[in-house]
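Undergrad: Would you mind keeping the following structure in view while I ask a few things?
The values are calculated or read from the model by the stated rules, or taken from the named source; none is laboratory data. Owing to the predicted nature of the structure, the values given are computational and were not obtained by experimental measurement. Heads up, the Cβs are rebuilt from the backbone with ideal geometry, glycines too, and the neighbour counts pull from every protein chain shown. Just so you know, the surface numbers come from the protein's heavy atoms only, side chains and all, with ligands and any DNA or RNA stripped out. Shrake-Rupley method; radii C 1.70, N 1.55, O 1.52, S 1.80 Å.
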Amino acid sequence: MKVGVGHSEDVDSADVIQEVLDACAEQLGGVTPQAGILFSALDHDHQALVDGVMDRYPDLELIGATTDGEVSSAIGFAENSVTLMLFQSDKVSFAAGVGRDISDNPERAGRQAAEMAMAGLDGAPRLCVATPEGLFADIESALKGMAGVIGPDVPICGGLAGDQLSLSGTFQFHKREVLSQAAPVLLFSDPLVVSTAIGCGWQPIGAKHRVTDVDGAVVKEIDGKPAIEIYEEYIGSFSISHPLIVYPNDSDQSFLSAGMEAKEGGILFHIAVPIGSYVQLSSASRGEALDGAAAAAATVVERYPGSKPDAGFIFSCAGRRLLLGTRVADEYELLKEKLGADVPVCGFYTYGELCPLPGGTAPQAHDSTFVTVLIGED
């Protein structure tokens, strides 16, 4: 597989897309790419960006989204920038799809996206990269719709679109379309090989507690008492800076979900917390968050089943960017240290990360988590 990555901090959208396309073309050595993923800051002219890409490569299977920060092997972490990764392979097939009106019917939108992509894919799917709308409440149903089409053993990785914390509206890209309330996906077929890893660094506070009553994304009771009391007991009051560590069915595996709002004793969570699961409050320092990223970087390289990956992705959380501050660029540097500087990498800071839990394939959304993915041809 041939992969090119371009990344520019130019402020003019017409200039920036030509700059990143030229950088990709040079790395591709003159071959025509079949697929691409585009990540952009909110303030660019997104129609000019996608038109620029599709004018150069009219048959490209393109997806992408707006972000809370962009990252690549070309320049590392940047804000107010544009990054593009292009793929060409004689063996692996690529196909993009999109579902619409995700807030109205998330499961249908996920299913539509996967069905469109599957219709254009040659071979069995091996990876789904998704960049859905970031400002809606039920990513779990969208993932269920995708997995119902592509199969339970295909990892769904990616991130929810961002808007630089303005919370005014995110945008998603599918070929020449600039959309909102959409769910773009890009499928990769066999003989692709994949490794994934997640890391967070958030440390538990206190004992585990059982979730005893939920209403949708609102946790109403923990241990039979109003959910708000877990915050009052351990940290004094509700805070979005202390996500829950969630252990589904009291398993060893866990994911993070951030509380968004207190509601009459209950808490609205960004990622749904299942009834019967066990939870702990958590906290993290900058160093602990970076330790989590370092662990994920080491794991994803160790687990890669081939000799050397052709490309990598990073999907990290907007909440991590806020916590890390001036050290946010260290997350990519930790991956580069394990992976090597010559492997092209592209990614963005998200409003929610997508990756299966370790050892599994079921789709899972996360908060405050560093997700990394490596891909290559078998």
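Undergrad: Round to a whole angstrom and tell me the spacing of the C-alpha centers of the range 320-378 and the range 1-65.
TA: Their Cα centres are 21 Å away from one another.
Undergrad: Could I ask something else about it? For Glu302 paired with Asp378, estimate the spin-label separation in nm (one decimal), with each label point 7 Å from Cα along the Cα-to-Cβ line.
TA: 2.5
Undergrad: Once the piece of chain linking Asp15 and Ile205 is laid out straight, how much longer is it, given 0.36 nm per residue of separation minus the C-alpha distance between them?
TA: 63.5 nm
Undergrad: Moving to a separate point now. When ligands, DNA and RNA are left out and all protein chains stay put, how many square angstrom of accessible area per residue does the chain have with a 1.4 Å probe?
TA: On the way: 13940 Å² over 378 residues.
Per residue, the chain has an accessible area of 37 Å².
Undergrad: Can you give the FRET efficiency for Thr326 and Asp153, using 1/(1 + (r/R0)^6), R0 = 35 Å, r = Cβ-Cβ distance, to the nearest 0.05? Please list the in-between numbers first.
TA: Working: r = 41 Å, r/R0 = 1.16.
After rounding, the FRET efficiency stands at 0.30.
Undergrad: Give me the log10 of I(q) over I(0) for the range 111-200 at q = 0.18, 0.24 Å⁻¹, as the Debye formula computes it from C-alpha points; what are the numbers?
TA: -0.83, -1.28
Undergrad: Mind listing which GluC sites (Glu not before Pro) in the range 208-282 are in a DSSP loop and have 15 or fewer other Cβ atoms within 10 Å? If you can, show how the numbers build up before the last one.
TA: Values: sites: Glu221, Glu229, Glu232, Glu233, Glu261, Glu264; in loops: Glu264.
Sites meeting the loop and neighbour criteria: Glu264.
Undergrad: Quick one: helix 13-28 against the long Cα principal axis of the chain, what's the angle to the nearest 10°, folded into 0 to 90?
TA: 70
Undergrad: When the accessible area of the range 111-261 is split by element with a 1.4 Å probe, what percent falls to carbon and sulfur?
TA: Values: 2910 of 6000 Å².
Here carbon and sulfur together make up 49 percent of the probe-accessible area.
Undergrad: Please report the antiparallel percentage of DSSP beta bridges with both residues in the chain, rounded to the nearest 5. All intermediate terms of the calculation are to be shown ahead of the outcome.
TA: Numbers: 78 of 93 bridges.
Here the antiparallel bridges make up roughly 85 percent for the chain.
Undergrad: Provide the packing ranking of 360-370, 237-247, i.e. peptides ordered by the mean count of other C-beta atoms within 10 Å per residue, highest first.
TA: On the way: 360-370: 23.3, 237-247: 18.6.
So the peptides 360-370, 237-247, ranked by packing, come out 360-370, 237-247.
Undergrad: Would you kindly state how much longer the chain becomes between Glu79 and Glu337 on full extension, computed as 0.36 nm times their sequence separation minus their alpha carbon distance, in nm to one decimal?
TA: Details: separation 258, 0.36 × 258 = 92.88 nm, distance 2.21 nm.
Fully extending the segment from Glu79 to Glu337 adds 90.7 nm.
Undergrad: Next question, about the same structure. Going by alpha carbons, how many degrees (0 to 90, nearest 10) lie between the helix axis of 330-339 and the longest principal axis of the chain?
TA: Once rounded, the angle reads 60 degrees.
Undergrad: By the scheme Lys and Arg +1, Asp and Glu -1, what is the net charge of all other residues having a beta-carbon under 14 Å from that of Met118? Write down the numbers at each step before the final one.
TA: On the way: positive: Arg111, Arg126; negative: Glu61, Glu115, Asp122, Asp190.
Charge balance in the 14 Å sphere: -2.
Undergrad: May I ask for the distance between the Cα centers of the range 278-301 and the range 159-193, given as a whole number of Å?
TA: What the calculation gives is 25 Å, centre to centre.
Undergrad: Using the structure shown, select from Lys220/Lys336; Lys208/Lys263; Lys144/Lys220; Lys91/Lys175; Lys175/Lys338 the pairs with a Cα to Cα distance greater than 31 angstrom. Intermediate values should be presented prior to the final figure.
TA: On the way: Lys220/Lys336 42 Å; Lys208/Lys263 22 Å; Lys144/Lys220 24 Å; Lys91/Lys175 22 Å; Lys175/Lys338 33 Å.
Over 31 Å Cα-Cα: Lys220/Lys336; Lys175/Lys338.
Undergrad: Could you work out the local net charge near Asp104, counting Lys and Arg as +1, Asp and Glu as -1, over the other residues with Cβ closer than 14 Å to its Cβ? Present the calculation step by step, with values, prior to reporting the outcome.
TA: On the way: positive: Arg100, Arg108, Arg111; negative: Asp101, Glu107, Glu133, Asp138.
Around Asp104, the charge tally is -1.
Undergrad: Further question on the same structure: Report the FRET efficiency, 1/(1 + (r/R0)^6), for Glu232 and Asp101, where r is their Cβ-Cβ distance and R0 is 51 Å, rounded to 0.05. Please list the in-between numbers first.
TA: On the way: r = 39 Å, r/R0 = 0.76.
With a Förster radius of 51 Å, E is 0.85.
Undergrad: Would you calculate the volume per residue, in Å³, of the smallest convex hull containing every Cα atom of the range 186-334? Numbers along the way, then the final one.
TA: Values: hull volume 20.7 nm³, N = 149.
Dividing the Cα hull volume of the range 186-334 by its residues yields 139 Å³.
Undergrad: Can you list the residues of the range 321-364 with backbone N under 14 Å from a point 7 Å past the Cα of Ser239, pointing along Cα to Cβ?
TA: Once the point is set 7 Å along Cα→Cβ of Ser239, 323 turn out to lie under 14 Å by backbone N, inside the range 321-364.
Undergrad: Taking the chain as the reference, fit the longest principal axis to its C-alpha atoms, fit the long axis of helix 139-150 to the helix C-alpha atoms, and give the angle between the two in degrees, 0 to 90, nearest 10.
TA: For helix 139-150, the angle is close to 50 degrees.
Undergrad: If you don't mind, another one. From the C-alpha gyration tensor of the range 8-70, pull out the three semi-axes of the equivalent ellipsoid (sqrt of 5λ each), sorted largest to smallest, in whole Å.
TA: Working: eigenvalues 72, 32, 23 Å².
The three semi-axes for the range 8-70 are 19, 13, 11 Å.
Undergrad: Also: If each DSSP helix of 4+ residues adds -39,500 (n - 2.57) and the sum is divided by the residues in the chain, what number results at 222 nm, nearest 500 deg cm²/dmol?
TA: Working: 8 runs with 96 residues, N = 378.
Estimated from H runs of four or more residues: -8000 deg cm²/dmol.
Undergrad: Using a simple spin-label model with points 7 Å from Cα along the Cα→Cβ vector, what separation in nm is obtained for Ser168 and Thr32?
TA: Taking the simple label geometry, Ser168 and Thr32 are separated by 4.0 nm.
Undergrad: Ok, one more. Check the straight Cα-Cα distances from Lys225 and name the aspartates and glutamates below 13 Å, setting aside those fewer than 8 residues away within the same chain.
TA: Filter leaves Asp213, Glu233, Glu264.
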